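These notes concern the structure reproduced below.
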Amino acid sequence: MIEALPPPLQFNVGSFLSLKDVKALCCTSKSCPKQREVNIKIDQPDSDFDRHPSNGYAAYVWQSFDFPPSRSRHLLHHCSIDCKWKDQGWGNRKGMLSVVKNGGNAPGDYLPSGEDVVAEKQPAPHKEELLHLDFNLDPAAEYHMWVRIGGGGGHQLFFRSTTVTAYEFII
């Protein structure tokens, strides 16, 4: 069915699907567009946020990521972030990782997420776990990773082996 659509419409359909569904679709049809992974450089794959002040309830930008300028942005359809993460290992769990687009803000402690938050996970676990976030890309948007350590004193947040991968249709 999707094979009957011209490639631009196939790309458009892919932009509405989850990453898992796009991967499945690309594997099931010879005429559907194939995709490739594009590794996105980030400045701090390993970060320790240590002893956040007791009045620090707000989230803030951890790092930005830019897509390679040589790529045709309209062919990028999804992005994923993978890492290992944990909090201080005791007490309340408040840590958060959010992906926010277009200059929006991530929420502070106990606040709801706004419409510019495209992916989010909270609270951080006490023991190190794998974290996977994925989201649909808007070719015109800018994206930033935000963290919230948590207010109340003594909170910490640790990230290891953070990678960002974009997925691009091949034409």
Residues being crowded, with 18+ Cβ neighbours inside 10 Å, under 11 Å from ILE81 (Cα atoms) and not β-branched (Val, Ile, Thr) - total across the range 135-171: 3
Scan the range 100-123 and tell me whether some residue there is of a type outside the set (S, T, N, Q) and closer than 18 Å to ASP43 by Cβ. yes
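Out of the strands (runs of 3 or more DSSP E) lying entirely within the range 80-171, which hold 2 or more residues that are charged (D, E, K, R)?
Working: elements: 96-101, 117-121, 129-136, 143-148, 157-170.
Strands (runs of 3 or more DSSP E) meeting the threshold: 117-121, 129-136, 157-170.
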Any residue at all in the range 61-69 that's at pLDDT 90 or above, touching a Phe, Trp or Tyr at 6+ places or on another chain (Cβ under 8 Å) and surrounded by 15 or more Cβ atoms within 10 Å (Cβ to Cβ)? yes
Exception for ASP87 within (1) acidic (Asp, Glu); (2) modelled with pLDDT under 90; (3) under 30 Å from HIS126 (Cβ atoms) falls at (2)
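The values are calculated or read from the model by the stated rules, or taken from the named source; none is laboratory data. Small disclaimer: the values here were computed from a predicted structure and weren't measured. FYI the Cβ positions are ideal-geometry reconstructions off the backbone, even for glycines, and counts take in every protein chain you see.
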